[in-house]
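The values are calculated or read from the model by the stated rules, or taken from the named source; none is laboratory data. Quantities reported herein were computed from a predicted structural model and do not represent experimental measurements. Virtual Cβ from ideal backbone geometry, glycine too; neighbours counted across all protein chains shown. These area figures cover heavy atoms from the full protein model, side chains too; ligands, DNA and RNA do not enter into them. Shrake-Rupley method; radii C 1.70, N 1.55, O 1.52, S 1.80 Å.
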Amino acid sequence: MDKMLVTSGRQLNGSVAVSGAKNAALPILFSTLLAEGEHTFGNVPVLKDIESTAELLQSLGCETIREGHTFKVQVAKLKSFEAHYDLVRKMRASILCLGPILAKYGEAVVSLPGGCAIGTRPIDLHLDAMKTLGAEIELKEGYVLAKAKKLKGATVFFEKTTVGGTENLMMAATLAEGETIIENAAKEPEIVDLANYLNKMGAKISGHGTSVIKITGVEKLTPARHDIMPDRIEAGTLLIAGAITSGEVEVTKCNPQDLEALILKMRDSGFRVDTTKNSMKVFPQRTWEAVDITTAPHPLFPTDLQAQFMALMTVAKGTSVITETVFENRFMHVNELMRLGADITPKTQVAVVRGRPDGLTAAPVMATDLRASASLVLAGLIAKGETLVNRIYHLDRGYENLELKLSNLGAQVKRVN
Ligand code: UD1
């Protein structure tokens with residue numbers, strides 16, 4: 001199993017371009033199930049999760065073709081309406097095929113995803129939303145069986161903001177009869193990217209990016225072309241990589257307006273961060289202050305950058321209080337950071353990080369999930385000595401060529417078996 005050896009002591013400098021957003025590409029690739037024909041996408045990152053999506057689409061009867069970052073999906077009438085457990089357990093986002101298959105074919109069978117390292121992550125809100133649109137839902141032998149001759153538009157209020165739930169419902173509603181209103185919808189930029197693609201296919205969606213989304217159902221959608229938006233979480237991770245090594249790093253091909261919460265916190269901490277419309281740059285800072293963060297749905301501080309920001313805070317001056325409100329178990333990286341000498345007291349959803357500006361020291365650590373892995377690599381960049389990050393396969397799910405991007409900035413990182 002691949003591991004990453006990170007040697008400290010290098011200041012990162014230079015410019016790095018971010019890849020397309022995994023969390024936008026996944027729902028968009030599933031949305032192809034709504035329309036037969038050839039869909040073409042640019043800027044699709046080369047990642048394990050995209051491969052898993054392609055496998056699932058193929059198992060349903062679609063063809064997928066990748067040429068570099070261009071990705072085509074050829075959708076014919078599906079030969080199966082079932083997303084099998086073996087594919088869904090690899091990637092929870094597979095549940096996003098439920099809305100499109102159900103809306104287009106009137107039935108869908110999707111394996112329940114089960115829990116994961118960062119929490120139980122139920123899908124009750126997805127299922128309730130489908131029920132509100134008139135679907136009959138049954139849970140049987142680990143599968144969701146959904147049926148509806150024709151979905152009917154309705155008002156759905158999400159009692160908790162859910163990115164996947166909003167996406168699944170938005171896709172299902174495009175082919176429902178009449179109007180659907182989603183209240184307390186998630187406002188993440190990836191929802192906007194998905195809505196933009198659905199509209200290119202002929203859907204009638206408005207209000208995406210706000211908490212109320214309106215969808216007027218149409219008879220049919222037709223395939224289109226689309227470039228996937230840049231990955232804001234990768235962009236934020238690379239900016240923090242520059243910051244933590246006291247380097248000067250410019251992150252290009254990104255949308256800084258999607259990362260305002262992070263940029264504000266970095267400035268509060270003492271970093272100079274300059275932005276243009278599609279780039280941002282952090283300037284060298286020898287020491288920085290501890291600041292508190294609380295994760296919450298967009299546009300507040302993203303949970304997917306919590307672990308990486310915590311790494312930065314482990315060497316700040318002062319004490320930082322990090323509160324996680326989105327997932328119930330997202331401090332798995334804390335014990336690993338403590339192996340590197342970080343001084344952290346984790347409670348259920350709050351971690352108190354007493355910064356150690358004198359630095360961390362290297363140790364072998366274990367990656368537990370995607371973003372936790374990134375935080376350990378960031379900490380490894382400054383922990384004196386050689387940090388061996390085990391189970392790096394998590395990183396391959398969501399970061400395209402991270403070691404190459406960091407090496408090009410001057411980091412000493414290498415993959416070992
Ligand atoms: C997506 C992102 C993930 C990010 C998360 C929050 C993708 C592929 N993944 O995950 O990287 O960390 O948004 O920004 O885009 N919940 C329920 N019932 C449901 C659905 C969700 O209780 O039916 C809970 C979850 O357990 C969690 C919270 O709602 O505590 C938010 O989850 P959600 O926004 O749905 O996250 P995902 O779509 O799974």
Just one listed residue, out of Ile233, Ile240, is closer than 19 Å to Leu305 by Cβ, in a helix (DSSP H, G or I), open to solvent by less than 20 Å² (accessible area, probe 1.4 Å) and in contact with a Gly (Cβ under 8 Å, 6 or more places away or on another chain), and it is Ile233
Residues of the range 156-184 being away from the ligand (no atom under 11 Å from the Cβ) and in a loop (DSSP other than H, G, I, E, B), which ones? Leu175, Ala176, Gly178, Asn184
Would you confirm, using the coordinates I've provided, whether Met280 is under 14 Å from Ile233 (Cα atoms) and among the aliphatic types (A, V, I, L, M)? yes
Can you report the number of residues in the range 266-323 which are closer than 25 Å to Ala367 by Cβ, part of a strand (DSSP E or B) and small (Gly, Ala, Ser)? 1
Is one or more of the residues making up the range 218-230 open to solvent by less than 40 Å² (accessible area, probe 1.4 Å) and under 30 Å from Gln11 (Cα atoms)? yes
Go through the range 185-208 and give me each residue that's crowded, with 18+ Cβ neighbours inside 10 Å and assigned to a strand (DSSP E or B). Ile205, His208
Residue identified as hydroxyl-bearing (Ser, Thr, Tyr), within 16 Å of the ligand (Cβ to nearest atom) and in contact (Cβ under 8 Å) with a residue 24 or more places away in the chain among Thr294, Thr287, Thr361: Thr294
Read through the list (1) within 25 Å of Arg232 (Cβ to Cβ); (2) modelled with pLDDT under 95, then give the number of the only condition that Val163 fails. (2)
Would you confirm whether or not the range 365-380 contains a residue that is part of a strand (DSSP E or B), open to solvent by 20 Å² or more (accessible area, probe 1.4 Å), in contact (Cβ under 8 Å) with a residue 24 or more places away in the chain and under 20 Å from Leu406 (Cβ atoms)? yes
Whether any residue in the range 334-351 is in contact with a helix residue (DSSP H, G or I) (Cβ under 9 Å, 6 or more places away or on another chain), within 30 Å of Gly164 (Cα to Cα), part of a loop (DSSP other than H, G, I, E, B) and within 16 Å of the ligand (Cβ to nearest atom) is what I want to check. no
